[in-house]
Amino acid sequence: MEISATYKFAAPPQAVWTLLMDPAAIKSCLPGCKELRPVGDNRYQAEMSIGVAAVTGTFNATVTLSDLQPPGSYRLTVDASGKPGFAKGSATITLRESAAGTEVDVKATSEVGGLIARVGQRLIEGVAKMSMDRFFGCLAGRVGGS
């Protein structure tokens with residue numbers, strides 16, 4: 001599954017970068033995130049509650065930030081598993097200065113398996129896009145933007 005989107009922030013790239021690297025901001029804006037704790041340089045352990053249609057459950061995930069090019073781009077990799085199945089994915093996140101502040105381009109790919117995969121690709125894709133929109137919308141609200 002591939003998802004891409006662009007989000008606008010009314011702040012300069014450095015301010016947006018700082019927010020994207022802040023574990024407290026990430027935890028508070030990530031839908032269903034119960035815990036996000038560092039386990040190394042640019043590596044986090046997360047516990048998330050996720051629901052897709054009738055399938056809900058808790059996932060434990062390892063989140064890794066790599067290829068950091070402050071304040072321009074980085075790669076985010078997630079490896080999650082739980083009773084409902086597994087999810088693996090990565091995203092390239094690119095920040096671009098714009099007339100109104102910063103545009104953040106996200107290009108993500110993922111795969112899911114187990115019980116959660118049985119609800120259907122289109123439904124999973126819709127939930128993933130909605131969660132991504134909520135996450136970046138929340139962050140944009142902290143510095144201004146949409």
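The values are calculated or read from the model by the stated rules, or taken from the named source; none is laboratory data. Please read these numbers as outputs of a predicted model, since none were measured by experiment. No Cβ is skipped: glycine too gets one built from the backbone with ideal geometry, and neighbour counts run over all protein chains shown. Surface areas here come from the heavy atoms of the whole protein model, side chains and all, with no ligands, DNA or RNA. Shrake-Rupley method; radii C 1.70, N 1.55, O 1.52, S 1.80 Å.
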Matching residues, the stretch 106-129, being at negative phi, surrounded by fewer than 17 Cβ atoms within 10 Å (Cβ to Cβ), modelled with pLDDT of 80 or more and not charged (D, E, K, R): T109, G113
Unmet requirement for K34, which otherwise passes all of (1) free of Cβ contacts under 8 Å to residues at least 60 places away in the same chain; (2) out of contact with any helix residue (DSSP H, G or I) (no Cβ under 6 Å at 6 or more places or on another chain); (3) not in a strand (DSSP E or B): (3)
Any hit, the stretch 44-52, residues being modelled with pLDDT of 90 or more, surrounded by 18 or more Cβ atoms within 10 Å (Cβ to Cβ), touching a Cys at 6+ places or on another chain (Cβ under 9 Å) and farther than 14 Å from I93 by Cβ: yes
Answer from T58, T18 - the residue that is out of contact with any Gly (no Cβ under 9 Å at 6 or more places or on another chain) and over 16 Å from F135 (Cβ atoms): T18
Residues within the stretch 69-100 that are buried (at least 17 other Cβ atoms within 10 Å of the Cβ), over 16 Å from the mean Cα position of the chain (by Cα) and at pLDDT 95 or above, tallied: 1
Tally of residues being of a type in the set (S, T, Y) and either free of Cβ contacts under 8 Å to residues at least 12 places away in the same chain or buried (at least 16 other Cβ atoms within 10 Å of the Cβ) (or both) across the stretch 53-68: 1
Residues (open to solvent by 40 Å² or more (accessible area, probe 1.4 Å) and out of contact with any strand residue (DSSP E or B) (no Cβ under 9 Å at 6 or more places or on another chain)) located in the stretch 15-39: T18, D22, S28
Sole exception among (1) polar (S, T, N, Q); (2) touching a residue at least 60 places away in the same chain (Cβ under 8 Å); (3) more than 18 Å from V143 (Cα to Cα) for S28, by number: (3)
The stretch 99-119 residues that are free of Cβ contacts under 8 Å to residues at least 60 places away in the same chain and within 17 Å of F9 (Cβ to Cβ), paired with ones that are in a strand (DSSP E or B) and open to solvent by 40 Å² or more (accessible area, probe 1.4 Å) (beta carbon under 6 Å, 6 or more apart): none
